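Shown next, in structure tokens, is the structure this report addresses.
Derivation of every value follows stated rules applied to the coordinates shown; laboratory data play no part. For clarity, every value in this text was computed on a predicted model and none was experimentally measured. Every residue, glycine among them, receives a Cβ derived from its backbone with ideal geometry; neighbour counts consider all protein chains shown.
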Amino acid sequence: MGKLEKLKKALTGMGRVVVAFSGGVDSSFLLKAAKDALPEENVLAVTAVSETYTRTELRQAKRFAKDLGVRHKIIHTNELKDKNFTKNPVNRCYYCKKELFKRLNRIKEENGFSYVLDASNTDDIKDYRPGSKAKKEFRVRSPLIEADFSKDDIRKFSRKLKLKTSGLPSMACLASRFPYGEEINKGALRKIEAAEDFIKRQGMSQVRVRCHSNIARIEVEKEDIKKFVSKKFCDKITGRLKQLGFKYIALDLEGYRTGSLNEVLK
């Protein structure tokens, strides 16, 4: 049995599902698979909006759910009210996911659904993911892991299904831009969002602006690093980021990589 068939079989056996839907590559693929495997009334996509979720991602999520023709519910969470989260400990992600899955579990129980699903894939198992503890506590299922889907598999099958999300860059909560122990606040989150949006508009396919107090450490794809050789280009980037409040702007020569702030844990 192929991976896609295995996924559809698993989803069919789940009955009625609530999908934690961010609008990114993974959750969009999972939502499409659930829609194909189950009756329309048995699938509900839920997007949690907070200060750590960008407005671009919300627009993408709304558009995808509408085009797919699935029910889509938007809820609002406020992680910034939780000091366990804002203090940014090593297990910060646990507190965020705990709040999310608690809300999704309530929606599941109040509306007669069978499971809450998230879009974790096999690559996520290799990185430090404290949010997985919250998944276990609320019995959230990860069908893509159960069917042995990697990130590359998800992109490959998304292209086969002609999903517009297949080529989207990887996304992550804005809180992931802060080194552990550096407090997270609304102003800094908005500053990072604006900085990344500006750099993307200069033709970058993937961008992370890691916030080290008043230092912006920019990660882009390695093939895009050469663009920073241009003084004009650098002046444009540094000028804008200093307007936003950063004092020093640095380019990470290792380039973009997921979980770079977890490197201090190794």
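Brief remarks on what is shown
- Out-of-range pairs (alpha-carbon distance over 22 Å; input 73/160; 97/136; 3/156; 32/136; 200/242): 73/160; 32/136
- For the stretch 118-221, the square roots of the Cα gyration tensor eigenvalues, ordered a ≥ b ≥ c, give a/c of at least 1.5 with a/b no greater than b/c, which places it in the oblate category.
- Rounded to the nearest 10 degrees, the angle from helix 186-200 to the longest Cα principal axis of the chain is 80 degrees.
- Between the stretch 50-79 and the stretch 114-162, the Cα center-to-center distance that results, in Å: 19
- Applying the criteria of a DSSP loop state and at most 12 other Cβ atoms within 10 Å to the trypsin sites (Lys or Arg not before Pro) of the stretch 134-210 yields 139, 162, 201.
- Under the shape rule built on the C-alpha gyration tensor, where the axes satisfy a ≥ b ≥ c, the stretch 200-262 is oblate, since a/c reaches at least 1.5 while a/b does not exceed b/c.
- GNM top mover of 47, 86, 56 - the chain, alpha-carbon springs below 10 Å: 56
- Net +/- balance of residues flanking residue 76 in space, Cβ distance below 15 Å, scoring K and R +1, D and E -1: +3
- Computed from Cα positions, the angle between helix 92-110 and the longest principal axis of the chain comes to roughly 30 degrees.
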